[in-house]
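A short write-up of the structure that comes next.
Derivation of every value follows stated rules applied to the coordinates shown; laboratory data play no part. Owing to the predicted nature of the structure, the values given are computational and were not obtained by experimental measurement. FYI the Cβ positions are ideal-geometry reconstructions off the backbone, even for glycines, and counts take in every protein chain you see.
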2 protein chains.
Amino acid sequence: MSVATRMEDASPQALLEAIERLARARREPPPGADVGALDREARELLRERHPADVAYVLEGLPLEDRLWAWGLVDRERDGEILLEATDAVRETLLRDMDSAEIVAATQNLDADEIADLASDLPRDVVQDILESQDVEDRAELQAALSYPEGTVGSLMDFEVVSIREDVTCEVALRYLRRFDELPAQTDALFVVDRDDHLKGTLPLTRLLVTDPDVEIAGLYEREVVSFAPESDADEAAQAFDRYDLVCAPVVDATGRVVGRITVETVLEYVRDRQEAQALGKVGLREEEDIFASVWASARNRGPWLALNLCTAFIASRVVGLFEGSIAQLAALAALMPIVAGIGGNSGNQTTTLIVRALALGQVSAQNARRLLAKELGISALNGAFWGGVLGIVAGFLYHNVALGGVMALAMLLNLVVAALAGIFIPLAMDRFGRDPAVGSSVFLTFVTDSMGFFIFLGLATVFLL
Amino acid sequence: MSVATRMEDASPQALLEAIERLARARREPPPGADVGALDREARELLRERHPADVAYVLEGLPLEDRLWAWGLVDRERDGEILLEATDAVRETLLRDMDSAEIVAATQNLDADEIADLASDLPRDVVQDILESQDVEDRAELQAALSYPEGTVGSLMDFEVVSIREDVTCEVALRYLRRFDELPAQTDALFVVDRDDHLKGTLPLTRLLVTDPDVEIAGLYEREVVSFAPESDADEAAQAFDRYDLVCAPVVDATGRVVGRITVETVLEYVRDRQEAQALGKVGLREEEDIFASVWASARNRGPWLALNLCTAFIASRVVGLFEGSIAQLAALAALMPIVAGIGGNSGNQTTTLIVRALALGQVSAQNARRLLAKELGISALNGAFWGGVLGIVAGFLYHNVALGGVMALAMLLNLVVAALAGIFIPLAMDRFGRDPAVGSSVFLTFVTDSMGFFIFLGLATVFLL
C-alpha cells in the first residue's frame, strides 16, 4: 500500500463491528458453518491493529466474546494490549490468565509500563516478574514501583538519550546513528555533564538545521522545564499544557537525570484523571465495565446511594419538625422543593467556578475575601430577582400575599446560604487534601436542601400560622 | 545561567504573587515611594516570562491591576499573550486596545493563531488584519477562518515540512539545514509526491538513526494517521490519545497536504472542551473571569436558574395535585424529597456511564438493549434493597406499616424510572446533536423529581387515605 491511511478507513468502531459480527456468527453458527474459519478471520483482523484498537474492541465486547477475542491475539502482544485497556476490562483479562502467562506478557514491556500494570497484579506475580528481569531492568522496575500515584515518578519512563556539550553536531549525529531507533516522542537530546547532571536540552529540530561543525555547547537550550520524581503530576500536566512540551527531563535532588516524562503519558494521565472525576462526582469508585454483571454494578453504586439517603433522611427530618405547619397549610409542601432546589443549582455554579480557580492556583488568601463578596453579591441579586418572581407567582396561585412574601424571602436567604456553602465547601475539602471536584456537590446539596427547608418552613411557621 | 531551571523556581504562582505585591504597593504607595521604580520592576519580571505565564498573571489580577500590568508588557508580545489568555480575560484586554494596536499585535502571529483570536474581534478589525497581510498569509488566514469550530480545520496550522521520496537521507538533512528553525512540535517530515499528495511520513527519530546514503523511499512510514479538515476535532483528539501522536498531516479530498495538527493544539482543545462541559453542566455559558462584575456574573448565571425554576415549578405543581392528601398526612411531605432525590442520584450514575460510553462510540443498536436490561436490573436491585431499608425506617418512625410499604414501593419504582430516563435522555440528546454531557442532568432531575413526587403521593393517596 503506498497510500496513506485515512482515519475513516481504519476506525476502531468498524473493527469492533466486524468482530461483533464474527462473535455472533460463532455463538449461533448457521448450519454447516466452519467455526475455525471464523476464528481465523477474527485473528487476521486483529493481527495488524494498533494495541489501542484491540483494547477498544475488547472493551466493547461482552465478557464471553471478549475472552474469545483475547484468546485470538498473538501472545507476544498481550502486554501492550493490557496496558491500553481500562482498569475494569484489564481485570477481566488478567483473571483469564495464569501467572506464567502474565509474567510472559510483561517481557516485551518497559519498566514504567510494568509498573502501570503492577497495581492490578497479585503480589506474588509482581515478585515473579521482578525475578524474571535482568539486573538493570529490575533496578528500573523497582524505582518505577517506588513512586506513589499522582507523582511525576509514577509517569516517568527511562528512555533517555543524552549527550555531552563538548562535542559537535557531527559527532552527535554519528552517535545517534548507532541507535536502531530512538525512543518514541523524543524531541530533544538531554545535555549532561560527565556525572549525568542536566545542563539543558538540544531540540532535534535545532540539531537538524545546524551546520555539523557547530559545537553543542553553543547550541543547546539552558532554560528548560524539568521535574523532580516526587513533583505533583497535576502540576507537570499544567506545565506541559502551558509550555507546549513534548518531552521533559526528570532529575533528582542533585540535578542528575533519572528519567523523562512525555506528552503521551501526560495526555493519558489527564484523561484518566478527568474520567475518574466525572465518575467520582456521581459516586462511582471505579470505572464500570459496561458489560459488568448487574450484581457487581449494583455494589459499585450502592454506597453512593446510601450516603445520599443519609443526607436526604436528615433533610427529611428537618421537614418533619414542621409537620404541624404543613398539616395546616399544605401549600408549603408544594413550594418547599423549589426553595431547596434553586439553592442547590446556584451553589453548584459557585462551587464549579471555585473548583476551577483552585485547580489553576488562582485562589489566594487575598482574593478569597473578594470572591466571597462577589458571590454574595451575585446571590443577593439573583435571589432578590428570582425570589421576587416566584413570590409573586406563589402569591397569586394561592391568593395569599404573605405566602408569596415568605417564599421570596426564603429564596433570597437560601441563595445566600448556597453562595457561602458553595465557596467554603470546596475550600475546606482542598484544605483537607480531598479533591474538591469530586465530593463538593453532595455536601452542598445537603446544606442547601436542609437549610432551604428550614428557612422556608421556619419563616412560614413564624409569619403565616 | 548554565543550570537548568527547576519548576519550583519559576512557578507562575510565584510570579503572580510578586506582581500582586507590586500592584498593591502602587495603589497605596508608602510615603516617598518611587512609583516609576515599581513599574520598572514589574516590567522586568514580566519581560522574560513565557507568554502563558504572563497570561496566567493577568487572569489572576483584578481588572484595574490587570490593565496596569498589560500596559507594561512589550507591545510585540501582545499577540502571543492574547492567544494564551482565557476568552473572558482576553475580552477585557482587547477592550483596552484600539484597532491599530490590535492589528499590530497580530503581525507576529501565524494564520491559524489569528483565526483563533478572530471570533473575539469586531468584524472591521478582522478586515483590517486581512488587508495588512501579504498574499500568501492572507490566503492561509482566509482558509483558517473558513473552518467551523469543532473541526480539524479549525485546529490546523500550516507549518508543514515536506520532502519527496526519491532523495537520500543526506539530501534530506542538507535540505533541513537550509531552515533557520523547524516549526515547533515537528516530529516527522511529510513525504509527498510532486503534486503535494501525501505518501507517508518520515519520523525525525528515524531519519537521525539512518545511514545518510539510504533513500527516503525505503524508509518512510506508509500507514499514517491523517485527517480531513472537515473531520470532527473530537475524533482527532481521540486518535492522538490512542496512537500517541505528536503531529499529523491534514489532507484534502484529493489527498493533498493542506496543513498539520499538533498535540499541543489537541491538548488545548481537550482542556477547553472539558472546561466548557464542566461549566455548561451548571449552566454557565462562558467561563467567568473570576474578577468579573457582580452584575455581569449574575446575568451569566440567571438563565440557568430560570430554567431550573421552571422545572422545579412544574414538579411543585405535581405536589400541588396532592395537597389534600398532604393535609391529611403531613408525613408525606417529609418523606417525598427522599424518593425524588434518590431517583436523581441513581439516574445521574446511569447517565454518567452512558455519556462516557457514547463519547467512546461504545453504544450500538445491538448493545443498547443489553445496557437497558442491565440498568433496569441494577435499579431494581438497589431499589428493592434501599427502598426496603427506608421503608422499614419510615414504618417505625411513623408507626405506620402501610406508609413504610408505600415508601419502599415508590423508591423502587422511581429508581426504575431513573434508569429509563438516565439512558434515554443522553441517547436522545446525542441523536439530536446536543452534547449529552452538558444538559442531561437538568432533564433527568426534572423527570426524577416530578415522577418521584407523583408516584409516592399517588400511591399514598390510593393506599393510605
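Descriptive notes on the structure:
- Relative to the Cα centre, the charge distribution of the range A:162-264, modelled as +1 at Lys and Arg Cβ and -1 at Asp and Glu Cβ, gives a dipole magnitude of about 320 debye.
- At q = 0.09, 0.12, 0.13 Å⁻¹, base-10 log of I(q)/I(0) for chain B (Debye sum, equal scatterers on each alpha carbon): -0.85, -1.12, -1.20
- Extension gain, B:ARG24 back to B:LEU321 (0.36 nm per residue minus Cα-Cα distance, nm): 101.0 nm
- Set the Cα radius of gyration of the range B:162-281 against 2.2 N^0.38 Å, with N its number of residues, and you get 1.19.
- Positive-end residue of B:VAL389, B:MET411, B:LEU376, charge dipole of the range B:344-441 with Cβ unit charges: B:LEU376
- The residues packed around A:ASP65, meaning those with a beta-carbon under 9 Å from its beta-carbon, carry a net charge of +2 if Lys and Arg are +1 and Asp and Glu are -1.
- Computed FRET value (nearest 0.05) for B:GLU44 with A:ALA402, which takes r as the C-beta separation and R₀ as 60 Å: 0.40
- Computed over all pairs of different Cα atoms, the Kirkwood value for the hydrodynamic radius of the range A:294-464 is 17.0 Å.
- Toward the positive end of the charge dipole of the range A:162-264, with +1 on the Cβ of Lys and Arg and -1 on the Cβ of Asp and Glu, the farthest Cα among A:ALA237, A:LEU202, A:LEU176 is that of A:LEU176.
- Point-to-point label distance, B:ASP120-A:GLN13, nm (Cα→Cβ direction, 7 Å offset): 3.3
- Positive dipole terminus of the range A:1-144, leading residue within A:ALA23, A:SER119, A:SER132 (C-beta point charges): A:ALA23
- Axis-proximal residue, chain A, for the rotation superposing A on B (Cβ, Å): A:ALA333, 2
- DSSP beta bridges in chain B [antiparallel fraction, %, rounded to 5]: 80
- Loop-located GluC sites (Glu not before Pro) in the range B:88-149 whose Cβ has at most 10 other Cβ within 10 Å (DSSP): B:GLU149
- Nm distances between copies for B:ALA368, ranked from closest, using label points 7 Å along Cα→Cβ: 4.9
- DSSP finds beta bridges in the protein assembly as shown, and of those with both partners inside it, around 75 percent are antiparallel.
- By the combined test of axial Cα extent (at least 24 Å) and Kyte-Doolittle hydropathy (mean at least 1.6), the qualifying DSSP H helices of chain B come to B:401-431, B:436-464.
- Other-chain or far-sequence residues with amide H under 5 Å of B:VAL258's (modelled H): B:VAL250, B:VAL251, B:ASP252
- Cα centre as origin, Lys/Arg/Asp/Glu Cβ charges: the protein assembly as shown dipole, Debye: 5340
- Distances between copies at A:GLU64, taken between label points 7 Å from Cα along the C-beta direction, are 7.3 nm in increasing order.
- Counting only residues at least eight positions apart within a chain, or on another chain, the lysines with an alpha carbon under 27 Å from that of A:LYS281 are A:LYS374, B:LYS281, B:LYS374.
- Unit charges on C-beta of K, R, D, E only; dipole of the range A:1-135, Debye: 620
- Charge sum, other residues only, whose C-beta stays under 14 Å from B:CYS169's C-beta, Lys/Arg counted +1 and Asp/Glu -1: 0
- For the range B:181-197 versus the range A:266-320, the gap between their alpha-carbon centres in whole angstrom: 47
- Distances between copies of B:ASP252, taken at a point 7 Å out from Cα along the Cα→Cβ vector and listed shortest first: 5.6 nm.
- The radius of gyration of the Cα set in the range A:393-442, together with its Dmax, comes out at 16.8, 51 angstrom.
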